[in-house]
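See below for the structure under consideration.
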Amino acid sequence: MALILMLLVPGAVGLWLVTGGRGLDAHTARVVALVAATVGGLAAVVAAAMRPVVDRAWIPDLGVRWHFAIDGISAPLVVLTAVIGVLVVAHAWVEQPWTDTHLGLPRGSAATYLGALLLVETGALAAFAARDAVLFFIAFEVVLVPMWVLISRYGDPKSAAARADASARFILYTAVGSTLMLVGILLLVGQAGTADLDALPAAAGALGQGPQTLIAVLLTLGLAVKVPVFPLHTWLPAAHTTAPTAGSVLLAAVLLKLGTYGLVRLPLANVPDGFARIAPGLAIAGVVGILWGGLICLVERDLKRLIAFSSVAHMGFVVLGLASGSATGLQAALIGNIAHGVISALLFVIVGGLKHRWGSVDLAVVRPALREVSPRLGFALILGLAAGLGLPGLAGFWGEFLALVAAWEPAHHEGVLRTCAVIAAVGAALAAAYALRVARIVWVGDAVPDAATDDPVAGALDRIDTRTPDTRGVELAVLAVLVAAVVTIGVVPHTVLSVTAAAAEALVGGGR
Amino acid sequence: MTLEMSWGLLLPALLPVAAMLLVLVVDAVAPRARLAAPVIGALGLGGGAATALPGLVGTGPRLTLCTPAPEGRCLWDGGPLTSTLQVAALLATLAVLALVSIHRAGVIDVVLLLASASGAAAVVASRDLGTWLVTLELATLPVIALVAWRDRRAAAHGALTLLTTSLVSFGLLVLGAALWVTGTGDPTLTGDSLATAWEVPEQRVLVSLATVVLVAGLAFKMSAVPFHAWTPTTLAAGPLPVSALLASASKVAAVGALIVVLTPYESVLGLSPGPHAVVAALVTLTVASMLVGTVMALRQTEVVRLLAWSTVAQAGWVILPLTALTAAGRRAAAVYVVVYAVAGLVAFAAVRAVHGPHVEDRRDLTAYQGLLRRDPVAGGALALALLVLAGLPPGVIGLVAKIVAIRPVVSAGLWPVAVVAVVAAVLGIAVYVRWFAVLIGEPGEDAPARQRSRRASVGVALVGSAVLVLASVLPQLLVGLVS
């Protein structure tokens, strides 16, 4: 019942908002969407606690079942999605992408925007809850079109070309990934004879080394696009920079999680031997991502892009944890996943808010110190950055720390993974460097003055409009929830770890 | 020789013929009754589809025109797969008749449509080369006349292209049929005679050659690369409803004919050497069609040309599962072509609803700017059709069709072909999303005025969309038809 409500309410309301309800005025649409997101979110939380099961035949000829259930691995992600779903809809009171009129062009209706948000949430919840490999793929695809609409219609109002480019990149990269994953899933399901994720590990265990490796390569390559893992990440910064704040939050906090969740659920759980074979490559890609993301963050001028690249670095840690092949590594990946979801959501809300206030978030533009003009926003930013650099006591720490521990004592390929662990530790230092750079420029207000002359017009405009109203109302509430989550996960990581522990042990232990 | 007959099974093909004769008689008796022809035509098509319905649910063999045992061969198979394709072809023709519009459809139009429909219904059921060849031509030749019938010079040019193509195709098919009979000594398309012939190396070569030639001849009709050159010219030049017919009912007939030819191959799949030449020919067609069709569609700005190239690409997708040469592959091809036919019809109907009956100029993508806002009905139907063609939810059935199409290929071990299909699928998304993006944009200043007489087009688009929505919610309704 809770499962059905969790999927049906946001899904149906979202569909209605983008079709029949498009003419709804902004206020009604927001209330309707918020109610739907809240009901769906509550149902999701209840479902994560009660663990009901829905299992119906859907396409018997393909062996696809309408099979949803939540286990230890998906429960934290379902709760995260539910919370983020409510927050992004609430954020529509703060930022209204449908009224941003640049060059006097109206931009779509509020109902479509909110409907797209709800549909993304539905797709993500369905994917996390799906217990059938093909159903997982279909749910995975559900998020594509609404997210594309969010980026291409409601993204950065300044440049239509940038929106078209970013949205096209998003949908094409993701489609390459998901269709490769589909080939992998079909190969796996065809060889194992079942699509049921509960029965698959046992059924696929008998496969030989060759097929296992092939399936693992197809699945991992496909999902690596979504995560994203280093050389396949180039869609992410463009999408993040262009998307509206709520879109960025959904992208970072929910969609990227689909990738890592898929890595755990499909290759790691079903073809462990094949996955172990390609693990060193994955670990190296993850570490390169950590370094690459960190180095770019040291020089990137656009704050939104900077956060996007820091996401690449953080996902590098998650991938490293997965590649280690141990239960600790899996735990590290799962908590790192959740932590990154909360932290990046927090940072994107702040940075999106700043972009809304300032018009751009170019770090080279001299602006007043955030700590003086808007202390609450400044505090949240510092907290987010501190969590991002992995400060103990905040959410980011556990994922990185455990990933390094796991990579130091991996289940296989000790030499490669230990080297990776050392390099990743250096990468963590880079995170500290860029976090401090951002804090210095934005929070302390210590920008290098002559850099502003690159763009005199924008600089002058921004200097004139130096008012930065502090956060309040709904935005403050959204930030407060996220800050509380960052601190809670940091102080008592046990809340997440205890939920995932049993499932993680079963996964890593059962496959061997 | 006596043939055992079961008239009920032949009705899907016979009713359109009967309707055709009736139309001619009525026209001779009462030439002023203008509405009679389309009404009788619609009844014939609808009735034919209705008589094929029992085959969808029926279990057990539905064979007829059988020669006496023990050497008994049945020349007509009305099983679920056949019935599905028959219903699809007949209803697609009915939709095209509606698009022609009941007031404009003359006797000639109706007669030609009925002839083509009866050919389509017969060719998918035939199991011997004679019936197969004659009914296949019956399904396609009337379409040439339909293209040329309207009074446009460009249409005549398109018809000439199609005629030339059809002649070449017919030549290949006759040659292929002759080679087959020489190779197997049997004019029916059965697995047993193929398996017997397969054991002799010379006969094996001959039969393989026969099949490759037959496949090439059919590739013309399916507009698969490299036999596709007529498609963009003819579809863009001819009247829109006829283009819709070429993209839907004709496609179903051609795919059905291909399935009939490939069915015997299941019996030689496990043998050594396997049917490598046939698989290679099919793989070449599918890979070339998917890639060339999609890449060319990416560059089009004229919507009918875009749809024409997309039909080339979709032909590749239909052939994709057939490369496995298994029963699952044949069923998958049938499911895919039905989904494609419905989505294609909806797209053509929406295009007609936007531009009206006189569509020669300004069928440019820019005319669709903000259509979803200006014209939610036609725009919504078109948006859904595009998403189904792209295989993106909420057009779930399009995605399911892609899964269905890739699955037999993967299980047959041809996964490199599946990886090419991945590239094609992604490029395809780029094609359709490009149009979709125009639809959901802001309405432009110079949007064309809404057409007045467009009830039929909107009706077809809505019925088609309803089918797509229903199939998206319950894909089993469609996927389960053929098994």
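For the criterion of being in contact (Cβ under 8 Å) with a residue 60 or more places away in the chain and not aliphatic (A, V, I, L, M), residue B:153 fails. Taken together, the criteria place residue A:95 among residues that are under 23 Å from residue A:240 (Cβ atoms), touching a Ser or Thr at 6+ places or on another chain (Cβ under 7 Å), more than 12 Å from chain B (Cβ to nearest Cβ) and not in a helix (DSSP H, G or I). Within the range B:264-281, does at least one residue satisfy the condition of being under 22 Å from residue B:166 (Cβ atoms) and touching a strand residue (DSSP E or B) at 6+ places or on another chain (Cβ under 7 Å)? Within the range B:264-281, not a single residue is under 22 Å from residue B:166 (Cβ atoms) and touching a strand residue (DSSP E or B) at 6+ places or on another chain (Cβ under 7 Å).
Put simply, of B:371, B:389 the only residue that is surrounded by 19 or more Cβ atoms within 10 Å (Cβ to Cβ) and either at the interface with another protein chain (Cβ under 10 Å from one of its Cβ atoms) or at pLDDT 90 or above (or both) is B:389. For residue A:23, the conditions (1) under 21 Å from residue A:142 (Cα atoms); (2) in contact (Cβ under 8 Å) with a residue 60 or more places away in the chain; (3) within 11 Å of another protein chain (Cβ to nearest Cβ) all hold with the exception of (1).
Conditions tested, residue by residue: (1) surrounded by fewer than 23 Cβ atoms within 10 Å (Cβ to Cβ); (2) more than 14 Å from chain B (Cβ to nearest Cβ).
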{"residue": "A:2", "(1), (2)": "yes, yes"}
{"residue": "A:17", "(1), (2)": "no, no"}
{"residue": "A:37", "(1), (2)": "no, yes"}
{"residue": "A:41", "(1), (2)": "no, yes"}
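Among the residues of the range A:391-434, the one identified as of a type in the set (Ser, Thr, Tyr) and either in contact (Cβ under 8 Å) with a residue 24 or more places away in the chain or not in a helix (DSSP H, G or I) (or both) is A:434. The one condition from (1) closer than 19 Å to residue B:440 by Cβ; (2) within 11 Å of chain B (Cβ to nearest Cβ) that residue A:117 does not meet is (2).
Of all the listed residues (B:134, B:147, B:143), the sole one being among the hydrophobic types (A, V, I, L, M, F, W, C), surrounded by fewer than 16 Cβ atoms within 10 Å (Cβ to Cβ) and out of contact with any strand residue (DSSP E or B) (no Cβ under 8 Å at 6 or more places or on another chain) is B:134.
Of everything in the range B:452-471 that is modelled with pLDDT under 90 and buried (at least 19 other Cβ atoms within 10 Å of the Cβ), the residue that is nearest to residue A:15 (Cα to Cα) is B:457. Being part of a helix (DSSP H, G or I) and among the charged types (D, E, K, R) is the filter here; which residues of the range A:163-201 pass it? Residues satisfying the conditions are A:163, A:165, A:169. Counting only residues that are at the interface with another protein chain (Cβ under 7 Å from one of its Cβ atoms), farther than 13 Å from residue B:471 by Cβ, among the hydrophobic types (A, V, I, L, M, F, W, C) and in a helix (DSSP H, G or I), the range B:392-409 holds 2 of them. Does residue B:16 fit the bill of being surrounded by 15 or more Cβ atoms within 10 Å (Cβ to Cβ), under 21 Å from residue B:75 (Cβ atoms) and either touching a residue at least 40 places away in the same chain (Cβ under 8 Å) or basic (Lys, Arg) (or both)? So residue B:16 passes the test. Considering the range B:410-480, the qualifying helices (runs of 4 or more DSSP H), each wholly inside and each with 2 or more residues that are at the interface with chain A (Cβ under 7 Å from one of its Cβ atoms) and out of contact with any Asp or Glu (no Cβ under 7 Å at 6 or more places or on another chain), run over B:415-440. Quick check on this structure: which one of B:288, B:343 is in contact (Cβ under 8 Å) with a residue 40 or more places away in the chain, of a type in the set (A, V, I, L, M, F, W, C) and farther than 27 Å from residue B:470 by Cβ? So the residue among B:288, B:343 that is in contact (Cβ under 8 Å) with a residue 40 or more places away in the chain, of a type in the set (A, V, I, L, M, F, W, C) and farther than 27 Å from residue B:470 by Cβ is B:288. When residue B:217 is tested against (1) surrounded by fewer than 21 Cβ atoms within 10 Å (Cβ to Cβ); (2) free of Cβ contacts under 8 Å to residues at least 60 places away in the same chain, just one condition goes unmet, and that condition is (1). Just one of the listed residues (B:290, B:296) is assigned to a helix (DSSP H, G or I), more than 13 Å from the chain's Cα centre (by Cα), surrounded by fewer than 24 Cβ atoms within 10 Å (Cβ to Cβ) and modelled with pLDDT of 90 or more, and it is B:296. Within the range B:435-457, does at least one residue satisfy the condition of being more than 23 Å from residue A:115 (Cβ to Cβ), within 21 Å of the chain's Cα centre (by Cα) and of a type outside the set (D, E, K, R)? Within the range B:435-457, one or more residues are more than 23 Å from residue A:115 (Cβ to Cβ), within 21 Å of the chain's Cα centre (by Cα) and of a type outside the set (D, E, K, R). The set of residues from the range A:248-275 being farther than 26 Å from residue A:70 by Cβ and either at pLDDT 90 or above or buried (at least 24 other Cβ atoms within 10 Å of the Cβ) (or both) comprises A:248, A:274.
Conditions (1) farther than 19 Å from residue A:14 by Cβ; (2) of a type in the set (A, V, I, L, M); (3) more than 9 Å from every other protein chain (Cβ to nearest Cβ), marked per residue:
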residue: A:148; (1), (2), (3): no, no, no
residue: A:159; (1), (2), (3): yes, no, yes
residue: A:164; (1), (2), (3): yes, yes, no
residue: A:175; (1), (2), (3): yes, yes, no
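When A:367, A:440 are screened for being of a type in the set (D, E, K, R) and either over 17 Å from residue A:307 (Cα atoms) or under 26 Å from the mean Cα position of the chain (by Cα) (or both), only A:367 passes.
Here are some conditions: (1) facing chain B (nearest Cβ under 9 Å); (2) farther than 18 Å from residue B:407 by Cα. Residue A:214 meets all but one. Which one does it not meet? Failing condition for residue A:214: (2).
Output the residue which, of all residues in the range A:43-64 that are among the β-branched types (Val, Ile, Thr), buried (at least 16 other Cβ atoms within 10 Å of the Cβ) and in a strand (DSSP E or B), is farthest from the other protein chains (Cβ to nearest Cβ). Going through the qualifying residues, I end up with A:54.
The sole residue among B:353, B:334, B:308 that is surrounded by 19 or more Cβ atoms within 10 Å (Cβ to Cβ) and either closer than 30 Å to residue A:60 by Cα or without any contact (Cβ under 8 Å) to a residue 40 or more places away in the chain (or both) is B:334. Could you go through the range A:45-63 and let me know if any residue there is touching a residue at least 40 places away in the same chain (Cβ under 8 Å) and either basic (Lys, Arg) or under 30 Å from residue A:242 (Cα atoms) (or both). Looking for residues that are touching a residue at least 40 places away in the same chain (Cβ under 8 Å) and either basic (Lys, Arg) or under 30 Å from residue A:242 (Cα atoms) (or both), one finds none in the range A:45-63, hence no. Screening residue B:157 on (1) surrounded by fewer than 18 Cβ atoms within 10 Å (Cβ to Cβ); (2) within 24 Å of the chain's Cα centre (by Cα); (3) part of a loop (DSSP other than H, G, I, E, B) shows it passes everything except condition (3). When each of A:207, A:258, A:188 is tested for being among the aliphatic types (A, V, I, L, M), touching a residue at least 24 places away in the same chain (Cβ under 8 Å) and within 30 Å of residue A:87 (Cβ to Cβ), the lone residue that passes is A:258.
The values are calculated or read from the model by the stated rules, or taken from the named source; none is laboratory data. Fair warning: this is a prediction, and the values are worked out from it, not measured in the lab. Here Cβ is always computed from backbone atoms with ideal geometry, including for glycine, and neighbour counts include all displayed protein chains.
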